[in-house]
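Below you'll find the structure, written out as C-alpha cells, and then a few comments.
The values are calculated or read from the model by the stated rules, or taken from the named source; none is laboratory data. Computed from a predicted structure; not experimentally measured. We place every Cβ from the backbone using ideal geometry, glycine too, and count neighbours over all the protein chains shown.
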Amino acid sequence: MTPEETLAYEARVRTRQTVVAATAGVLLIVASVIQLGGPHTKVNELTLDLLTANKRFPLDLIAAVLNGIAALAAAWTLVYLYRAARARNPEKVKPYVKIIAIVAGSLTAAAGIVYAVIVAIKVHEFATTGAQTYDEANRLTSGAGLLALQLLGQAGALLVAVAFVLVSLVAMNQGLLSRFMGYLGMFAGALFLFQITQVPVVQCYWLLAVAYLISGRWPTGVPPAWRTGESVPWPSSAEMRARRVAQAGNRGANGARPGLFGPRPKPAAGPAAEPAPAATGAEARTRAATPKRKRKRRG
C-alpha cells in the first residue's frame, strides 16, 4: 500500500475509528461506576456474598455487557493503530501483534459476559431454593465451569495488557504516538493486570486521547507520520543532544554571545589614545614641595 493509499484509507475511516475509541473509554468508566453501585457486603462470607449478589445481579450483568463492548472497541482501536503502523513499516511491525489484540478483546468480552450470566443463575438458585447453607453455597461456586471461566478471564486480561504494550510500542516507534502517549499506553496496559483503583481512569484517558488524535484535532498538531503516510520515528536522546550541540556551534560561529546571545563581540579597532603629556620641571617641583595634608580622624 502506497503512502497516498494509506492516507486515503485513514481519512475515510477516521470518523468511525474516533467514535470507536471514544466509546471504549466511556464504557469502561460507566461499567465501573455501575459495579460500584448497588448493595455490597461489609464482611467476606460466602452465603452472604451470594445473597447480596442475587440482589445486584442486574447491575453486574449490565456492567459485564458494557465491559465486553468496551473490550471489543478497545481491541478495534488497537488493531487500527497496528494497521497504521504496519502500513508505514511492514518489516518491523509483525503480524502477531494484530492477532494478540483480536484474541485479547474477544476472549475478555466472551469470558466476562458468560461468567456474569452463570453467576447470576447460580446465585438466583441459591437464594430461591435449598437451605442456603455454606455447603450448598460452596457446591454452587466450586464447579469446574466457573473455575475455567475465571482462568479464561485472567488470560484475557493478560493478553489485553500485552496488546496495549505492543501496539503502543510499535505506534510510538513509527511516529504515530508521541513518547508520552506511547509510554502511557504501556502503563495503561499494565493496569489491566495490576489495578490500583477500581475505576480505570488511565485506560479511559488514553483511549479518549487516542480518539482525539485520530480525529486530527490534536492541540499541538498531529505527528508527521499521520500526515505523510510514512514512518517518521522520533529522534533518540543522543540525536537530540547532537542537534543541540550543532545549534550551539552555529550560534558561536555567527559571533553571538555564549548562552543566550553567543560570544561577546570584540570592540572595534580605533586610534590609540594619546599618552598624557609629562609634567614640566616647575610643575614637578611645585607638586613635590607641596606638603601632604593629614586627614583628621573623626569620632
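Overview of values
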item	result
Which listed residue, of E136, E125, is touching a Phe, Trp or Tyr at 6+ places or on another chain (Cβ under 7 Å) and at negative phi	E136
Lone unmet requirement of (1) surrounded by fewer than 17 Cβ atoms within 10 Å (Cβ to Cβ); (2) aliphatic (A, V, I, L, M); (3) closer than 30 Å to F57 by Cβ for A116	(1)
Unique residue being of a type in the set (G, A, S), surrounded by 15 or more Cβ atoms within 10 Å (Cβ to Cβ) and within 25 Å of the chain's Cα centre (by Cα) when the list is A11, A31, A53	A31
Selection status of V26, part of a helix (DSSP H, G or I), β-branched (V, I, T), crowded, with 16+ Cβ neighbours inside 10 Å and at pLDDT 95 or above	yes
Residue within the range 186-208 that is over 22 Å from L28 (Cβ atoms) and surrounded by 12 or more Cβ atoms within 10 Å (Cβ to Cβ) present	no
Members of the range 29-78 found to be β-branched (V, I, T) and touching a residue at least 60 places away in the same chain (Cβ under 8 Å), listed by number	I29, V33, T47, T77
Number of the condition not met by I102 [criteria: (1) surrounded by fewer than 21 Cβ atoms within 10 Å (Cβ to Cβ); (2) modelled with pLDDT under 90]	(2)
Condition met for W234 (surrounded by 14 or more Cβ atoms within 10 Å (Cβ to Cβ) and at pLDDT below 85)	yes
